[in-house]
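Input: a single structure, listed below in C-alpha cells.
The values are calculated or read from the model by the stated rules, or taken from the named source; none is laboratory data. Source: prediction; values computed, not measured. As a convention, Cβ positions derive from the backbone with ideal geometry for all residues, glycine included, and neighbour counts pool all protein chains shown.
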Amino acid sequence: MMKKKQKRKPKIKLQKTKKILKKSKEIKKNKFKKLKTKKQKNKEPRKKGKYSPKILRGMKDILPEETKIWDFVCKRLTELAESYGFQKIETPVLEERALFEKSTGLSSDIVEKQMYQFTDRGGNSVVMRPEFTPGIVRSYIEQGMFNLPQPIKFFCFGPLFRYERPQAGRLRQLHQFNFEVLGSAKPVVDAQLILFSQAFFNTLGLKVNIQINSLGCPSCRKSYRSKLMNYFRAKQKWLCPDCQRRLKTNPLRILDCQNPDCRELITRAPQLVDDLCSECQSHFVKVLEYLDEANVIYKLNPYLVRGLDYYTRTVFEFWPERPEKPINDSLLQGEEEKKITNELQEKEKELFSSPSALGGGGRYDNLVESLGGRLTPAAGFAYGLDRIIEEIKIQDLKVLKSKSPQIFLAQIGEVACRRALKLFEDLRKQGFKVGENLAKDSLKAQMEMANKLGVKLTLILGQQEILDKTIIIRDMHSGNQEIVDQEKIIKELKKRLK
Ligand code: HAM
C-alpha cells in the first residue's frame, strides 16, 4: 500500500505542473498577442503578396510634432551662430571617397566600415558625406578662402550618412549642426567654441557636462603612442578583437572603445597629458585658463581621444547629465508604485539609459595642409541634432512656446464654406492665428476640434448668417454666443483678444 501511495503522489504533482506550465504558456501567448496587437494597432495591415513600403534600417521619419522642435533648435542655433560671427556655408552631400580617407582617416571606424560609397555612372568613387569638416576644408582650399580676412567662421547643418549598427541614439542618416573656425591657432578660439556651447545649452535649459582633453601634436603623440603600445601589448589577450587590431593600426583608438573589459584596462592606461610638449602644454593651459575666466564648468577627461584622425591639441565633447539611478531600481515607491503606467516605466528607462555624446570637436591644425592647402590652423565641433532633440524630450524641457490658435472658424453648408474660405484669409492677413477644418461638414466635429485646440473664441457661419451678413461669436469658456455683423468682425476680435 505504502508503495502505491508513494507512486501516485508524483503523478498528481506532474499533472499539476503540466497544467501550470500549459496555463503559463497560454498567458505568455496571450500577452504576446496583446503586445503584438498594441504595436500593430496604428499600422496599415499588410496585404499578402503585395509590395508594402518600409523605411530603411537606421533611418527615421521626422513627423510634424517633432519638426516643431527641430525648427526651434535650428533657429536658436542659427541666431546664436550669427551673433558669434559665423557665416552659413553649404557643401554637397556627395564628395570623393579619397577626401575622407585622407582626412577622417583610413583607420577610423567611419572610413573603415561606415561609409555609404558607390561608383557613379562616370566611374568616380564617391561617398555620401559621413561628416562635414572634410567637405568644408575642401571648399576652403578650392575656393581660395585663405585670401579672405582670417580667421573665417562657418556654420552649416544637414544630413550625414554612417552605416552604423542602429541602436538608441545611433542612426544611419544623422543630422549635425556644425561649426568651423579656419585660420587661427589661438587657444582663445578653442575656449570660445566651448563657451558658445555652454551658452546654447543654457538657453535650452539642457543639463550637459563638458569633457576636455589635449591630444598634443604629432611629435608628442609619437612618444605617447609607443608608451600606450607597450601598456596594451602586455594585456593584449584581454582586449576585444577590434582593439587587438587597433593595437597594430592605431593604439590611441583603443581609448575610445566601449567594451567593458577594454574600459577596465583603459582606466589604468598612461595619460597623454603627461607627454605633451611644452607648446602643446602651454596651449592647453591657456584654453583652461580662458574657460575658468569665463566660469565654464568642465571635466578633464585624460582618455578622451575622439574617433577621427585629424585632431591635434584640444578635443572636447558634450554629454547629457542624467540623474543617478536610485538603488531601489525605481523612481517610485509605496502608493506611487501602484500607479506605475507603461509611460512612466518607459520614461524611467530613457532617463537611466546610457547616454551618448550630444556633440564634440576640437582643433585640427594640420588638416588644411594635409589636403593640399597652406598651413592653416583650425578648430570646430558639431552637435548631433537627433540626439539633442531626443535629450530635450528625455529631460522634458518645455522649449516651445505654445502657438496654438485663439480662434476657430466653423461653417455649415456649401455657401458658408465658400465665405469661410475668404474670411480665413482676411483674418490670417490681419495676424490672427485661426484654426479651421473646411473639409468637415459636421458642426459637431468642428466644435470638437475647436475644443481640442483650446481656442478662446469660435466663429460660426451658417446659412442664416450668410443671409443676414452676420456671424456668431461663441466664447468657448462661458459658452455665451453673440451675433455680430460680418463687417465688424475684425474690430470685434481685436477688442476681445486684447
Ligand atoms: P563626431 O563626434 O563624429 O564629430 O560627431 C559629432 C556628433 O554627431 C556626435 O557627438 C553625435 O552627437 C552625433 N552623431 C555621430 N554619429 C551619430 C549617429 N550615428 N547617429 C546620431 N548622431 C550621431 C564629427 O563629425 C566632427 N566632424 C566634428 C567636428 C567639426 N570636429 C571639428 N569640426
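Somewhere in segment 228-242, is a residue surrounded by fewer than 19 Cβ atoms within 10 Å (Cβ to Cβ), touching a strand residue (DSSP E or B) at 6+ places or on another chain (Cβ under 8 Å) and not small (Gly, Ala, Ser)?
no
Could you please let me know if Gly144 is loosely packed, with under 15 Cβ neighbours inside 10 Å, touching a residue at least 40 places away in the same chain (Cβ under 8 Å), more than 12 Å from the ligand (Cβ to nearest atom) and among the small types (Gly, Ala, Ser)?
Judged against the criteria, Gly144 is not a match.
Report yes if Ile152 is of a type in the set (Val, Ile, Thr) and either modelled with pLDDT under 95 or more than 18 Å from Leu308 (Cβ to Cβ) (or both), otherwise no.
Here the answer is yes, as Ile152 does meet what is asked.
Condition test on Gln411, is it free of Cβ contacts under 8 Å to residues at least 40 places away in the same chain, in contact with a strand residue (DSSP E or B) (Cβ under 6 Å, 6 or more places away or on another chain), away from the ligand (no atom under 16 Å from the Cβ) and not small (Gly, Ala, Ser)?
Spelling it out, it is not the case that Gln411 is free of Cβ contacts under 8 Å to residues at least 40 places away in the same chain, in contact with a strand residue (DSSP E or B) (Cβ under 6 Å, 6 or more places away or on another chain), away from the ligand (no atom under 16 Å from the Cβ) and not small (Gly, Ala, Ser).
Would you kindly identify the strands (runs of 3 or more DSSP E) lying entirely within segment 346-449 that contain at least 3 residues that are outside the structural domain of Ile471 (by TED's automatic domain parsing) and under 29 Å from Arg76 (Cα atoms)?
359-363, 378-384
Only helices (runs of 4 or more DSSP H) wholly contained in segment 153-255 count here; list those with 3 or more residues that are within 16 Å of the ligand (Cβ to nearest atom).
So the answer is 187-204.
Out of (1) within 29 Å of the chain's Cα centre (by Cα); (2) touching a residue at least 24 places away in the same chain (Cβ under 8 Å); (3) not assigned by TED's automatic domain parsing to the domain that holds Phe72, the odd one out for Glu180 is which?
(3)
Quick one: in segment 109-125, of everything that is within 22 Å of Gly372 (Cβ to Cβ) and surrounded by 18 or more Cβ atoms within 10 Å (Cβ to Cβ), which residue is nearest to the ligand (Cβ to nearest atom)?
Checked segment 109-125; the qualifying residue nearest to the ligand (Cβ to nearest atom) is Ile110.
Can you pull out the residues in segment 270-281 that are under 11 Å from Ser214 (Cα atoms) and of a type outside the set (A, V, I, L, M, F, W, C)?
Once the filter is applied, which keeps residues that are under 11 Å from Ser214 (Cα atoms) and of a type outside the set (A, V, I, L, M, F, W, C), segment 270-281 yields Gln271, Asp274, Asp275, Gln281.
Let me spell it out: the conditions are (1) buried (at least 16 other Cβ atoms within 10 Å of the Cβ); (2) of a type outside the set (D, E, K, R); (3) more than 10 Å from the ligand (Cβ to nearest atom), and Leu106 meets all of them except one. Which number is the exception?
The failed condition is (1).
What number of residues within segment 450-489 are assigned to a helix (DSSP H, G or I), touching a residue at least 12 places away in the same chain (Cβ under 8 Å) and aliphatic (A, V, I, L, M)?
Qualifying residue count for the region: 4.
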